[in-house]
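The values are calculated or read from the model by the stated rules, or taken from the named source; none is laboratory data. Here the structure is a predicted model, which is why all the values come from computation and not from measurement. In this analysis, Cβ positions are derived from the backbone assuming ideal geometry, glycine residues included, and neighbour counts consider all displayed protein chains. Each accessible area value is taken on the protein alone, full model and side chains, heavy atoms only, with ligands, DNA and RNA left out. Shrake-Rupley method; radii C 1.70, N 1.55, O 1.52, S 1.80 Å.
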Amino acid sequence: MRIAEKRIYDIQFCMNNPLSSLDWSLIRAFLAVAEQGSLSAAARHLGASQPTLGRQIKAIESQLGADLFHRHSKGFELTPLGQSMLPPAQIMRDAAHQIDLKAAGQVDHLEGSVRITASVATSIYHMPDIISRLRQEEPRIQIDLVPSDESTNLLYREADIAVRMFKPQQLDLITQYLGELELGIFASHSYLQRRGAPQTLSELASHDIVGYDHNTAIIDGMAQAGIPATRDMFPVRCDDNAAYWELIKAGCGIGFAQRCVGNATPGITELDFGLTIPGLPVWLTAHEAMRHTPRIRRVWDVLAEALKPLMG
């Protein structure tokens, strides 16, 4: 089926479906519960309360005159009717988001909100100075900062601009590669005074190394450098990069960090073992319908200009 024909089919499918006569808030509640599997998870996803969602599910079932879910101890499971309603509800959501994107993309002045999502570490160590500059230069632009290591969905406007450590592959997104953040090996002065500074990789293996908990990046990197490593060899472990860096600063052990952060931190020394550590690629990403909105274009340009000097 060609794309144009599929669009027509989708629209006709929605218009002929019982959902087309329902209030959008009820359809949105149905989608959240169907996709999340429980009222509590759906409430967190939508930023709503469980009682409100519960009432909305009862209302949509009452208007349709049938149950859309089987309730059980582990959550909500779609009935056959609910399963048949899910595809048109998803089509309606996509159409609503497209309308929202098109309308937002037509705003032609430098004011309003821009929602930026970035990794937790980037949000803590780099974004405050950039946002301060933005507020001084563009006081009519409001910034919502969302620190997250999850892949926020730009297509649904959960963010307007994302600072990513990978290149998104979704269609309808535009990206700009900024470079790579160099990584280094660091230890606090207090740790080095207590344990001494390792001079070789073999000596490093006998020191306390702050590792990740579930993330295998450090183990994989050490293996590539010829250092056999397992999770158990790290006496302290943490997957949150901001907390991880605080552990290094406190003297819990030797660890890895962005060089631009480590070398700017008092009481910290970089250890050089002649290793080539792969850097973190940095990409700016936005939905193509939003990229040319003046306020978003302005924030994009400032982000690119401010982040590039941090790259190796």
Pairs of alpha carbons in the chain whose separation is greater than 27 Å (percent):
58 percent
Can you give me the long-range amide H partners of Leu271? Hydrogens built in the peptide plane at 1.01 Å from N, cutoff under 5 Å, separation of 5 or more residues or another chain.
Ile185, Phe186, Ala187
Each residue of the range 177-192 in order: what ³J(HN,Hα) in whole Hz does its phi give by Karplus 6.51 cos²θ - 1.76 cosθ + 1.60, θ = phi - 60°, with x for Gly and Pro?
7, 9, x, 10, 7, 6, 10, x, 10, 9, 8, 7, 4, 5, 5, 5
Tell me the angle of helix 80-104 to the major Cα principal axis of the chain, expressed in degrees between 0 and 90 and rounded to the nearest ten.
70 degrees
For the range 26-78, what is the largest minus smallest coordinate of the Cα atoms on each principal axis, given in angstrom and ordered from greatest to least?
27, 21, 16
What is the set of long-range amide H partners of Gln142 at a cut-off below 5 Å, with H atoms built 1.01 Å from backbone N?
Gly112, Ser113, Val114
Once Lys and Arg get +1 and Asp and Glu get -1 on their Cβ, which of Gln142, Leu22, Phe76 lies farthest toward the positive end of the dipole of the chain?
Leu22
From largest to smallest, what semi-axes in whole angstrom does the range 182-250 give when each is the square root of 5 times an eigenvalue of its alpha carbon gyration tensor?
18, 16, 11
Tell me, how many Å apart are the Cα centres for the range 31-99 and for the range 191-249?
45 Å
Find how much the distance from Arg133 to Lys308 grows on full extension, using 0.36 nm per residue of separation minus their present alpha carbon separation; answer in nm with one decimal.
61.5 nm
Loop-located chymotrypsin sites (Phe, Trp or Tyr not before Pro) in the range 245-312 whose Cβ has at most 16 other Cβ within 10 Å (DSSP):
Phe273
Fraction of alpha-carbon pairs over 19 Å apart in the range 171-312 - percent:
58 percent
Which residue, chosen from His126, Ala197, Thr175, occupies the Cα position most advanced towards the positive end of the dipole of the range 111-200, where the dipole is computed from +1 (Lys, Arg) and -1 (Asp, Glu) charges on Cβ about the Cα centre?
Ala197
Counting all C-alpha pairs of the range 157-206, share separated by more than 18 Å (%):
57 percent
With the contact rule set at Cα under 8 Å and sequence spacing of 6 or more, what percent relative contact order holds for the range 23-63?
43 percent
In nm, give the distance between the simple-model label positions of Thr216 and Glu35, each being 7 Å from the Cα along the Cα-to-Cβ direction.
2.9 nm
May I ask you to evaluate 6.51 cos²θ - 1.76 cosθ + 1.60, the Karplus curve with θ = phi - 60°, for each residue of the range 52-61 and list the ³J(HN,Hα) values in order in whole Hz, giving x for glycine and proline?
4, 4, x, 5, 5, 5, 4, 5, 5, 5
Could you go through the range 263-277 in sequence order and give the Karplus-derived ³J(HN,Hα) for each residue, using 6.51 cos²θ - 1.76 cosθ + 1.60 with θ = phi - 60°, rounded to whole Hz, and x for Gly and Pro?
6, 9, 9, x, x, 10, 10, 8, 9, 10, 10, x, 7, 9, 9
What percent antiparallel are the DSSP beta bridges of the chain, to the nearest 5?
65 percent
Roughly speaking, to the nearest percent, how much of the chain's 1.4 Å accessible area is carbon and sulfur?
51 percent
Other-chain or far-sequence residues with amide H under 5 Å of Thr265's (modelled H):
none
Charged-residue dipole, Cβ positions (Lys, Arg, Asp, Glu), the chain about Cα centre, Debye nearest 20:
500 debye
